[in-house]
Amino acid sequence: MPDIIAIGGGQASFSFISKLRSLGYQKPISLICGENHIPYQRPPLSKKFLIGELEKDRLFFKPQGFYDEQNIEVIKGQIVKKIDRRQSQIILENEKVLNYKTLFLGLGSRSRLLPKNLSNGIPKLYYIREIGDISFITKEFRYKRKLIILGGGFIGLEVASVARNFGVDVTILESQERILKRTSAKIVANHIKKIHLLNGVFIKENTNIKKFLKTKNNSIRILTNKNEELLADFMIIGIGAQPNTEIADNAGLLIDNGIVVDENCRTSDPNIFAAGDCVSFPFNKDLIRLENVGNAIEQSEAASENVLGKDIKYQPVPWFWSDQFDIKLQIAGLNKGFTKVFHRQSDQKNSFWYYKDDQLISVEAINDPKSYMVGKKLLEMKKTPSSKDIVSNKINLKDMLREIK
Ligand SMILES: Cc1cc2nc3c(=O)[nH]c(=O)nc-3n(C[C@H](O)[C@H](O)[C@H](O)COP(=O)(O)OP(=O)(O)OC[C@H]3O[C@@H](n4cnc5c(N)ncnc54)[C@H](O)[C@@H]3O)c2cc1C
């Protein structure tokens, strides 16, 4: 019988079990993957794997041999349908029952779907979440036809950039007044928008789907909220994700836009830990949920330490990246509640420094890894540079880091 069971074959569970082993934990571990794969990384699905520059084998964090060597039992293609907390058991889809002493939930999130009454019967609407989603999309790309992407967030923008690379005609529909409304300031969104427009992406803001209209062939005909008719051969929907909380909810764990954990990554049941996209955790007197790799890794690793009896309080400086055309955007910190943004620019490097009143809270850097690194360090040290130094190119960033110590 495994002492520890991790549910979910994503970044969070993988980081959790790897960390347990690297900390010297030797007892049996079981890992239940709902998908028919050993754990793999998702970011390349909208980047290098989509474009064809990364082989499928490279998506997996480790080959099967790693799990065999580490005495980790991997059960693939099985959804856990129930957690029975009273018996400390989980029940799989195939009715198999497994006992645990400690349970870890790395259930992740899933794509937010278009409402059924809108999309029912419409062909060629694609989502990007799992390996299996990609082959359908790359097949469409090869025909170089007309694509409409719903949603101007990171996934929509990354897919647009790959699709343009294949010569596909791309239009993004964004329901808000601008792209990246949820994540970035207007000045950053405008910068990224410009790059997309220069590369031939059409962006329609304040635009949503009112309904799909009938077509005689296999194409898609949309009527927008502005009563404009648009045609596409296929669509990719990137309208966000929602956390997988159902089995935790049914087991009576506390849920609030995610499975609620404390700063030790423990759920409302002391024998159940959780981390990654499926989790809401305390951060600056708030309860937040993040959907990024950095959070899935660091929170899960903190959970491993705490499972083994340490008292690690998870208080991250969140980080994220996105690749679009020839730009790499790197983000450190969270910009929620920012009051000012300062722009630092030299050559092709741009960074945007978010302040809440007089405190630095986040940095977004475009093709500027040095600003990202220095910004992240300053955030970790809880130091704030003067905005004059930020906008002045005369002040070397590394010097700023040294002086501010
Ligand atoms: C296309 C794409 C691009 C991305 N790009 C970036 C990026 O550039 N940078 C970045 O930082 N982040 C990026 N992300 C986000 C990042 O991939 C996620 O934050 C990360 O994967 C979270 O890991 P996780 O383990 O919490 O969840 P997931 O990766 O979602 O894994 C959860 C797993 O649990 C399984 N599961 C759920 N319920 C059950 C159950 N009941 N039984 C068994 N298994 C179950 C799911 O099937 C899934 O396999 C991207 C995500 C996507 C989809």
For this session: Would you check which residues across the stretch 48-62 are part of a loop (DSSP other than H, G, I, E, B) and either crowded, with 18+ Cβ neighbours inside 10 Å or in contact (Cβ under 8 Å) with a residue 12 or more places away in the chain (or both) and list them?
Result: Gly52, Phe61, Lys62
For this session: Please give the number of the condition Lys56 fails out of (1) within 10 Å of the ligand (Cβ to nearest atom); (2) farther than 20 Å from Phe104 by Cα; (3) of a type in the set (D, E, K, R).
Result: (1)
Problem set entry | Test result for Gln78, in the same structural domain as Val97 (by TED's automatic domain parsing), part of a loop (DSSP other than H, G, I, E, B), within 13 Å of the ligand (Cβ to nearest atom) and closer than 28 Å to Leu308 by Cα | yes
Exercise. Of everything in the stretch 89-109 that's within 9 Å of the ligand (Cβ to nearest atom) and part of a loop (DSSP other than H, G, I, E, B), which residue is surrounded by the most Cβ atoms within 10 Å (Cβ to Cβ)?
Worked result: Gly106
Exercise. Here are some residues: Val279, Val260. Which one is of a type in the set (Val, Ile, Thr), in contact (Cβ under 8 Å) with a residue 12 or more places away in the chain, in the same structural domain as Lys82 (by TED's automatic domain parsing) and closer than 30 Å to Ala365 by Cβ?
Worked result: Val279
Problem set entry | Hits in the stretch 383-398 - residues which are part of a helix (DSSP H, G or I) and among the β-branched types (Val, Ile, Thr) | Ile390, Val391
For this session: Would you mention how many residues in the stretch 17-47 are surrounded by 24 or more Cβ atoms within 10 Å (Cβ to Cβ), more than 9 Å from the ligand (Cβ to nearest atom) and part of a helix (DSSP H, G or I)?
Result: 2
For this session: Identify, by number, the condition in (1) touching a residue at least 24 places away in the same chain (Cβ under 8 Å); (2) more than 24 Å from Ala12 (Cα to Cα) that Lys356 doesn't meet.
Result: (1)
Problem set entry | Of all residues in the stretch 6-16 being over 20 Å from Asn94 (Cβ atoms) and of a type outside the set (Gly, Ala, Ser), the one that is surrounded by the fewest Cβ atoms within 10 Å (Cβ to Cβ) | Gln11
Exercise. With the stretch 295-382 as the region, which strands (runs of 3 or more DSSP E) entirely inside it contain at least 2 residues that are more than 13 Å from the ligand (Cβ to nearest atom) and within 30 Å of Arg266 (Cα to Cα)?
Worked result: 359-366
Exercise. Residues in the stretch 205-214: is at least one of a type outside the set (Phe, Trp, Tyr), buried (at least 18 other Cβ atoms within 10 Å of the Cβ) and in contact with a Lys or Arg (Cβ under 6 Å, 6 or more places away or on another chain)?
Worked result: no
Problem set entry | Filter result (more than 16 Å from the ligand (Cβ to nearest atom) and among the β-branched types (Val, Ile, Thr)) within the stretch 110-132 | Ile122
Exercise. Hey, Arg86 hits all of (1) of a type outside the set (A, V, I, L, M); (2) within 15 Å of the ligand (Cβ to nearest atom); (3) assigned to a loop (DSSP other than H, G, I, E, B) but one; which does it fall short on?
Worked result: (2)
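The values are calculated or read from the model by the stated rules, or taken from the named source; none is laboratory data. Source: prediction; values computed, not measured. Positions of Cβ are backbone-derived with ideal geometry, glycine not excepted, and every protein chain shown enters the neighbour counts.
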